[in-house]
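Following: one structure in structure tokens, then a few remarks.
The values are calculated or read from the model by the stated rules, or taken from the named source; none is laboratory data. The structure displayed is predicted, hence computed values, not measured ones. All Cβ positions, even for glycine, are placed from backbone atoms using ideal geometry, and neighbour counts span all protein chains on display.
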Amino acid sequence: MPEYFSEEGLEKLKQELHELKTMKRREIAARLEHAKSLGDLSENAEYQETKEEQSLVESQIGELEERIRHAVLIKKDMRTDRVTVGSTVRVTSKHGEELYSIVGSEEASPLQGRISNESPMGKAFLGHKVGEHVEVKTPGGVTRYEIVEIR
């Protein structure tokens with residue numbers, strides 16, 4: 001399943017990958033050399049711990065490379081006739097007027113109005129037009145929203 005990212009979010013992922021491949025790998029290599037210099041590797045706890053950390057870092061690198069390979073960039077010049085990933089939606093409900101940006105799950109921050117396209121609310125808004133009513137089912141019950149603006 002593709003993951004959606006803003007340019008900033010994708011750049012952050014690439015930066016994390018770069019740091020793991022350069023700085024973290026160098027740090028682990030230096031620690032391994034030090035541990036090897038201490039003698040018998042079969043009973044060297046520092047060497048074993050560092051090898052485990054190296055394995056974990058390599059797994060993280062592989063995961064990040066895979067995520068970047070399948071990333072879908074959210075375009076800035078989006079359509080505004082329907083809600084899509086990347087849209088900012090102004091809605092009204094019994095709670096008043098609210099503004100939400102539909103983002104990929106990696107960049108979601110509900111307290112900042114950034115909701116995931118995979119969340120119940122994000123899924124409910126996707127594909128709808130201005131003037132349409134959307135019901136969102138959450139653990140707290142059903143809330144009815146009217147889409148007022150899409151940008």
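Kindly check whether there is at least one residue in segment 58-79 that is buried (at least 17 other Cβ atoms within 10 Å of the Cβ) and touching a Pro at 6+ places or on another chain (Cβ under 9 Å).
Yes, the conditions are met somewhere in segment 58-79.
Filter segment 99-132 down to residues that are surrounded by fewer than 17 Cβ atoms within 10 Å (Cβ to Cβ) and in contact with a Phe, Trp or Tyr (Cβ under 7 Å, 6 or more places away or on another chain) and give me whichever is farthest from SER87 (Cα to Cα).
GLU106
Which of the residues spanning segment 100-117 are hydroxyl-bearing (Ser, Thr, Tyr), within 19 Å of GLU7 (Cβ to Cβ) and in contact (Cβ under 8 Å) with a residue 12 or more places away in the chain?
The initial filter retains those residues of segment 100-117 that are hydroxyl-bearing (Ser, Thr, Tyr), namely 100-101, 105, 109, 116.
Remaining after also requiring within 19 Å of GLU7 (Cβ to Cβ): 101, 105, 109, 116.
SER101, SER105, SER116, listed by residue number.
Go through segment 132-151 and give me each residue that's assigned to a strand (DSSP E or B), modelled with pLDDT under 95 and basic (Lys, Arg).
Selection gives LYS137 alone.
Within segment 10-33, can you find the residues that are surrounded by 17 or more Cβ atoms within 10 Å (Cβ to Cβ) and either without any contact (Cβ under 8 Å) to a residue 24 or more places away in the chain or not assigned by TED's automatic domain parsing to the domain that holds ALA45 (or both)?
ARG31, LEU32
Which of the residues belonging to segment 116-131 are part of a loop (DSSP other than H, G, I, E, B) and at negative phi?
ASN117, GLU118, SER119, LEU126, HIS128, LYS129, VAL130
Of the conditions (1) part of a helix (DSSP H, G or I); (2) buried (at least 16 other Cβ atoms within 10 Å of the Cβ), TYR4 satisfies every one except a single condition; which number is it?
Exception for TYR4: condition (1).
Do we find that LYS14 is under 27 Å from GLY122 (Cβ atoms), within 29 Å of the chain's Cα centre (by Cα) and of a type in the set (D, E, K, R) in this structure? Outline the logic, then answer.
Numbers: under 27 Å from GLY122 (Cβ atoms): yes; within 29 Å of the chain's Cα centre (by Cα): yes; of a type in the set (D, E, K, R): yes.
Yes, satisfied.
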